[in-house]
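Enquirer: Here you go, one structure.
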Amino acid sequence: MSRKILVIVSEHGYWSEELIGPVSKFDEQGYEITFATPTGKRAHALPPSLDPNFVDPPLGRSVTSEENARLGREFEQSNRLDTPLDIEAWVPERPYTSDGEYLRKLEQYHRDLEKLEADIAGYDAILIVGGSGPIVDLANNERVHALILAFKNAGKVVAAECYGVACLAFARDWGDRKSIIWGKHVTGHCKEYDYKDGTGFLGTDFNMGPPPYPLEYILRDATGPRGAYHGNFGHPLSVIVDYPFVTGRSTPDSYLTGQKIVEVLENGLTRYGW
């Protein structure tokens, strides 16, 4: 069966392996991949993710092999990211309560959400690619949340990597405001892997110290007492499947994240890693 995957990428920089890892697994299966960015601009890899000599500060070593650096540069030079879907133009945004004719606009918003449900009917999964960029334009992006909710409500696979997992924590039904990963098991960038300084983004001269929020703490709170965050610090890999969610901790987990998405779609995998 042919599968179709929606891959969302930040315009402020993705970590190369966290894109090419899953995408390579989708390509092996012959899946159709549609890329999307917040405003339809071409996404670009963070330069350190293409440099095998870049030393990751928390680990004290490179996390990019010569092979993955080469594959990342080839992907960056290809045209695959040239014409992504424009999420801002595609997905409606809830009006302010202070807007004129608020009720009418809110009713139209919900009509547009119904159209979005029809739009995503042909897709089998959504993936949020990681890196520092998602902190800027994906984590608290209401339109991205609407897409995630549409996939989750339709019973489709919802996957995210690294700092992209924050999108799952913040995607919430407007009624109860409870995270969609409440009661679920997930992984994501653990505190030990956070930079103490130098978190950077593309398209801006803003270069901050540590990330603006510890993702691990957010995920621990968002999963609640019946779910769990699994950092698996000290373990080489950390990928968690708790259907319909597939989450990858960080860069080394990228290929396995893609493989587990494939296994969910092809073999009905519902649980892995916990």
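The values are calculated or read from the model by the stated rules, or taken from the named source; none is laboratory data. Remember, it's a predicted structure, so these values are computed and weren't measured experimentally. Virtual Cβ from ideal backbone geometry, glycine too; neighbours counted across all protein chains shown. SASA here: full protein model, heavy atoms, side chains in, ligands and nucleic acids out. Shrake-Rupley method; radii C 1.70, N 1.55, O 1.52, S 1.80 Å.
Enquirer: Tabulate in residue order the Karplus-calculated ³J(HN,Hα) for the stretch 236-245, using 6.51 cos²θ - 1.76 cosθ + 1.60 with θ = phi - 60°, rounded to whole Hz; enter x for Gly and Pro.
Expert: My calculation for the stretch 236-245 gives x, 10, 8, 10, 10, 10, 9, 3, x, 9 Hz in order.
Enquirer: Of all accessible surface on the chain at a 1.4 Å probe, what whole percent is carbon and sulfur? Mind showing how you got there, number by number?
Expert: Working: 6030 of 12410 Å².
Solvent-exposed carbon and sulfur of the chain make up 49 percent of the total.
Enquirer: Run the reach check for Lys4 against lysines, Cα to Cα strictly under 22 Å, same-chain hits fewer than 8 apart removed. What comes back?
Expert: Counting by Cα, and skipping residues close in sequence, Lys4 has these lysines nearby: Lys25, Lys41, Lys115, Lys152, Lys156, Lys260.
Enquirer: Which shape class applies to the chain: rounded if a/c is under 1.5, otherwise prolate when a/b exceeds b/c and oblate if not, where a ≥ b ≥ c are the square roots of the Cα gyration tensor eigenvalues? Don't skip to the answer; put the middle values down first.
Expert: Working: a/c = 1.35, a/b = 1.35, b/c = 1.01.
It comes out rounded by the Cα gyration axes.
Enquirer: Before rounding to the nearest 500, sum -39500 (n - 2.57) across all DSSP H runs of length at least 4 in the chain and divide by the residue total; then give [θ] at 222 nm in deg cm²/dmol.
Expert: Dividing the helical sum by the residues of the chain leaves -10000 deg cm²/dmol.
Enquirer: Work out the length of the dipole vector of the chain about its Cα centre, built from +1 on the beta-carbon of each Lys and Arg and -1 on the beta-carbon of each Asp and Glu, and round it to the nearest 20 debye.
Expert: On the way: 28 positive and 39 negative charges, 144 e Å.
Around 700 debye, computed over the chain.
Enquirer: Please compute the contact order of the chain in relative form: average sequence separation of alpha-carbon pairs under 8 Å and at least six residues apart, divided by the residue count, as a percent.
Expert: Values: 582 pairs, mean separation 58.9, N = 274.
Dividing the mean separation by the residue count of the chain yields 22 percent.
Enquirer: Could I ask something else about it? Separation of the stretch 78-136 and the stretch 208-239 by C-alpha centroid, Å?
Expert: Going from one Cα centre to the other spans 26 Å.
Enquirer: Another question, if that's okay. Only loop residues by DSSP count here, and only those with at most 12 other Cβ atoms within 10 Å; note down the chymotrypsin sites (Phe, Trp or Tyr not before Pro) in the stretch 75-173 that meet that.
Expert: Values: sites: Phe75, Trp90, Tyr96, Tyr102, Tyr109, Tyr123, Phe151, Tyr163, Phe170; in loops: Tyr96, Tyr123.
Taking the stretch 75-173 and a limit of 12 other Cβ atoms within 10 Å, the loop chymotrypsin sites (Phe, Trp or Tyr not before Pro) found are Tyr96.
Enquirer: Placing +1 on the Cβ of each Lys and Arg and -1 on the Cβ of each Asp and Glu in the stretch 4-272, which of Ala89, Thr204, Leu106 has its Cα farthest towards the positive end of the resulting dipole?
Expert: Leu106
Enquirer: Sort 32-42, 214-224, 139-149 by packing, meaning the average of other beta carbons within 10 Å per residue, with the highest value first. Intermediate values should be presented prior to the final figure.
Expert: On the way: 32-42: 16.7, 214-224: 19.0, 139-149: 20.6.
With the highest mean Cβ count within 10 Å placed first, the list reads 139-149, 214-224, 32-42.
Enquirer: Return the percentage of antiparallel bridges among DSSP beta bridges fully within the chain, rounded to the nearest 5 %.
Expert: Values: 10 of 32 bridges.
The answer is about 30 percent antiparallel.
Enquirer: Averaged per residue, what accessible area in Å² does the chain show with a 1.4 Å probe, protein chains only? Don't skip to the end; give the middle numbers.
Expert: Numbers: 12410 Å² over 274 residues.
Per-residue accessible area for the chain comes out at 45 Å².
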